[in-house]
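Asks: Pasting a structure here, questions to come.
The values are calculated or read from the model by the stated rules, or taken from the named source; none is laboratory data. Keep in mind it's a predicted model, so treat the numbers as computed, not measured. Counting neighbours? That spans all protein chains shown, and the Cβs are built from the backbone with ideal geometry, glycine included.
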């Protein structure tokens, strides 16, 4: 006997996930499109271009891989660079783990693949106390679909979007991050402090070459997220 | 498909997948110390700050004002509690106009 109520609840969560993913799908469009375009210009085949989006699903690493391929860099260096760029997902995955409802490990292994800066940010700032795997899958698949499909379209169309549109679309994902942050910031000074400190630190780190790229974001996030806990502890001790 | 490139893509896939999935599978939330749990709960807001700055200032090589204009519209429309997609679209429209006028 199939537990129908459970299935329809999962279905409902999956749909809500898709809805939550739409802003990401829009934001990914110009980036994936441009990636496809650049991959074609760099001499990759359609299969390689879309294959990289299907298997790697990480914007910044894919862009950097293209420029490193063009510069004749070896595969090993490119893989190491991709690793450094994406170590920050460790932090996101550990943080998301606190928010996800308990589920089988193989399901976690599937939606884990769909963690990006954007899907993580949307999931982590949801007001629900716990999120289900179905929600996360709906969210992730929507983002993933946009990324993969628009990579292919960019490759096939092979011409740039009009310049003003390109210039405008460049702000899309940042606007989404702001829209995710503001509702929480309105309610909590702690949120403003956390985001402000990390933003300031990352801006400083970005001026120092070895910390630009992946490490700056990781360091500034850890210092800000851990620092406030220690500051608050001292305050509590002092009282 | 060129074999070398295929292996490179597979390698990138592995090193990208592992950090995404290992904490989810290995960490048992019930035995993580409370202090670390609070820190992990702070991560989303800290990371959002770091993802926005300084990246948004560099969306257009011509000037940082493109990013500032887009950020201003996004903050303003978020404060009005607009739906997230509307926030994104209005910010995109603002920066497009900004670039169209060649400011």
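So that you can scan it fast, the table gives a plain yes or no per residue for (1) surrounded by fewer than 21 Cβ atoms within 10 Å (Cβ to Cβ); (2) in the same structural domain as residue A:42 (by TED's automatic domain parsing); (3) in contact with a helix residue (DSSP H, G or I) (Cβ under 9 Å, 6 or more places away or on another chain):
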position: A:122; (1), (2), (3): no, yes, yes
position: A:131; (1), (2), (3): no, yes, yes
position: A:135; (1), (2), (3): no, yes, yes
position: A:145; (1), (2), (3): yes, yes, yes
position: A:150; (1), (2), (3): no, yes, yes
position: A:162; (1), (2), (3): yes, yes, no
position: A:199; (1), (2), (3): no, no, yes
position: A:208; (1), (2), (3): yes, no, yes
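Asks: Can you give me the number of residues within segment A:87-102 that are outside any loop (DSSP other than H, G, I, E, B) and in contact (Cβ under 8 Å) with a residue 60 or more places away in the chain?
Replies: Number satisfying all stated conditions: 2.
Asks: Scanning segment A:103-124 for residues that are touching a residue at least 12 places away in the same chain (Cβ under 8 Å) and not in a helix (DSSP H, G or I), which turns out nearest to residue B:29 (Cα to Cα)?
Replies: By that ranking, first place goes to A:103.
Asks: I'd like to check something: does segment A:128-149 contain any residue that is touching a strand residue (DSSP E or B) at 6+ places or on another chain (Cβ under 6 Å) and within 30 Å of residue A:109 (Cα to Cα)?
Replies: We begin by selecting, within segment A:128-149, every residue touching a strand residue (DSSP E or B) at 6+ places or on another chain (Cβ under 6 Å); these are A:131.
After this cut, where a residue has to be within 30 Å of residue A:109 (Cα to Cα) as well, the list is A:131.
The answer is yes, given that some residue of segment A:128-149 is touching a strand residue (DSSP E or B) at 6+ places or on another chain (Cβ under 6 Å) and within 30 Å of residue A:109 (Cα to Cα).
Asks: Related question: Considering (1) within 30 Å of residue B:89 (Cβ to Cβ); (2) at the interface with chain B (Cβ under 7 Å from one of its Cβ atoms), say which one residue A:229 fails and leave the rest.
Replies: (1)
Asks: Name the residue, out of A:79, A:69, A:24, that is at pLDDT below 90 and surrounded by 17 or more Cβ atoms within 10 Å (Cβ to Cβ).
Replies: A:69
Asks: Still on this structure: Looking at segment B:37-51, can you tell me whether even one residue there is in contact with a helix residue (DSSP H, G or I) (Cβ under 8 Å, 6 or more places away or on another chain) and over 27 Å from residue A:226 (Cα atoms)? It would help to see each step written out before you state the result.
Replies: To start, the set of residues in segment B:37-51 that are in contact with a helix residue (DSSP H, G or I) (Cβ under 8 Å, 6 or more places away or on another chain) comprises B:37-51.
Still in the list and also over 27 Å from residue A:226 (Cα atoms): none.
Within segment B:37-51, none of the residues are in contact with a helix residue (DSSP H, G or I) (Cβ under 8 Å, 6 or more places away or on another chain) and over 27 Å from residue A:226 (Cα atoms).
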